[in-house]
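K.L.:
Before I ask anything, here is the structure I am working with.
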Amino acid sequence: TVAIDIQQLTKEYDNGRGCRNVTISVGKGEAFGFLGPNGAGKSTLVKMLVGLTAPTSGRATLFGEPIGSLAAKQHVGYLPELYRYQEWLTGEEVVRLHSRLCGMDQSTIKPRIKQLLDQVGIGKRGIDRVKHYSKGMQQRLGMACALVNDPPILFLDEPSSALDPIGRSEVRELLKNLKNEGKTIFLNSHLLEEVESLCERIALLNNGQILRHGQVSQVLYTQ
Ligand code: ADP
Ligand code: ADP
């Protein structure tokens, strides 16, 4: 089954930047890595796929539903780059707020919060305020928010670029677990080791365009 189907997707900002003619398809349960330097267009692509910004041209579907539609958005969990929280809230309160924003009802949310925080490995710290969390814990919290309505596809924008080595390995382990659970993962990163440890296939992006794509070994280690 194809989870993410992207055909000639283009976003051109007024200044001419953005990303151009991206064509990729990602299978259900696959982890796909989107690798490129800052400014390459990775965030732009993901923002289109999660329905936050409209493409200039091209098309894409998530499990057959056109991006931007409600049905497509319901398939998606999104961890934006450098997610900021209200730091005076506790971890539990952040997830509760987020689930309300997703339109979940109170009776569903309550049992779900503890379960989610446990799943991302910060269950014991759920009643602490976010300002006492490390950056790694904050990314785990962001992941809990992205997972709130159990979406089959996760879009992760540079999930560990702001983290120290310990935070990075925490996030990496979490991503492996999610992949083992059958989630489809689309991972934006400029960190080769992060992408290599999780993904079978990758695309290299530069200046808004895909330079090459395919199996990791083939893309990175052959001429
Ligand atoms: P990446 O995520 O790979 O760092 P981005 O998608 O954020 O790249 O940005 C791609 C290019 O588009 C960059 O040159 C960036 O400055 C530009 N860009 C991003 N968002 C906007 C915007 N809203 N308006 C104009 N240019 C933008
Ligand atoms: P990221 O860190 O995700 O690559 P940026 O730092 O490029 O994002 O952009 C942060 C915000 O500013 C985004 O909403 C992006 O769309 C916007 N932005 C980025 N570059 C430009 C630009 N050149 N002109 C206008 N808006 C921009």
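The values are calculated or read from the model by the stated rules, or taken from the named source; none is laboratory data. Keep in mind that what you see is a predicted model, and the values were worked out from it rather than measured. So basically every Cβ, Gly included, is an ideal-geometry build from the backbone, and we count neighbours across all protein chains shown. Only protein heavy atoms, including side chains, enter the accessible area calculation; ligands, DNA and RNA are left aside. Shrake-Rupley method; radii C 1.70, N 1.55, O 1.52, S 1.80 Å.
K.L.:
Could you go through the stretch 39-47 and let me know if any residue there is within 16 Å of ligand 2 (Cβ to nearest atom), open to solvent by less than 40 Å² (accessible area, probe 1.4 Å), closer than 26 Å to C145 by Cα and at pLDDT below 95.
P.N.:
no
K.L.:
Could you list, ordered by first residue, the pairs with Cβ atoms under 6 Å in which the first is in the stretch 1-21 and under 14 Å from A40 (Cβ atoms) and within 16 Å of ligand 2 (Cβ to nearest atom) and the second is in a strand (DSSP E or B) and open to solvent by 100 Å² or more (accessible area, probe 1.4 Å), at least 6 apart or interchain?
P.N.:
Once the first residue is under 14 Å from A40 (Cβ atoms) and within 16 Å of ligand 2 (Cβ to nearest atom) and sits in the stretch 1-21, its partners that are in a strand (DSSP E or B) and open to solvent by 100 Å² or more (accessible area, probe 1.4 Å) give G18/E12.
K.L.:
Take the residues in the stretch 175-197 that are of a type in the set (A, V, I, L, M, F, W, C) and open to solvent by 10 Å² or more (accessible area, probe 1.4 Å); name whichever of them is farthest from ligand 1 (Cβ to nearest atom).
P.N.:
If we take residues in the stretch 175-197 being of a type in the set (A, V, I, L, M, F, W, C) and open to solvent by 10 Å² or more (accessible area, probe 1.4 Å), then L192 is farthest from ligand 1 (Cβ to nearest atom).
K.L.:
Output the residues belonging to the stretch 7-16 that are within 15 Å of ligand 1 (Cβ to nearest atom) and either acidic (D, E) or loosely packed, with under 14 Cβ neighbours inside 10 Å (or both).
P.N.:
Within the stretch 7-16, E12, Y13, D14, N15, G16 qualify.
K.L.:
How many residues does the stretch 17-44 contain that are near ligand 1 (Cβ under 7 Å from one of its atoms) and within 10 Å of G208 (Cα to Cα)?
P.N.:
Of the residues in that region, 9 qualify.
K.L.:
Could you list all residues from the stretch 71-107 that are touching a helix residue (DSSP H, G or I) at 6+ places or on another chain (Cβ under 8 Å), loosely packed, with under 13 Cβ neighbours inside 10 Å and modelled with pLDDT under 90?
P.N.:
Matches in the stretch 71-107: Q86, E87.
K.L.:
Determine whether E81 is charged (D, E, K, R), within 16 Å of ligand 1 (Cβ to nearest atom) and part of a loop (DSSP other than H, G, I, E, B).
P.N.:
Taking the combined requirement at face value, the residue satisfies it.
K.L.:
Something else: Tally the residues that are among the β-branched types (V, I, T), assigned to a helix (DSSP H, G or I) and surrounded by 13 or more Cβ atoms within 10 Å (Cβ to Cβ), restricting the search to the stretch 108-127.
P.N.:
So the answer is 2.
K.L.:
Filter the stretch 140-166 for residues that are open to solvent by less than 10 Å² (accessible area, probe 1.4 Å) and hydrophobic (A, V, I, L, M, F, W, C) and give the result.
P.N.:
Hits for the stretch 140-166 are L141, M143, A144, C145, A146, L147, V148, I153, L154, F155, L156.
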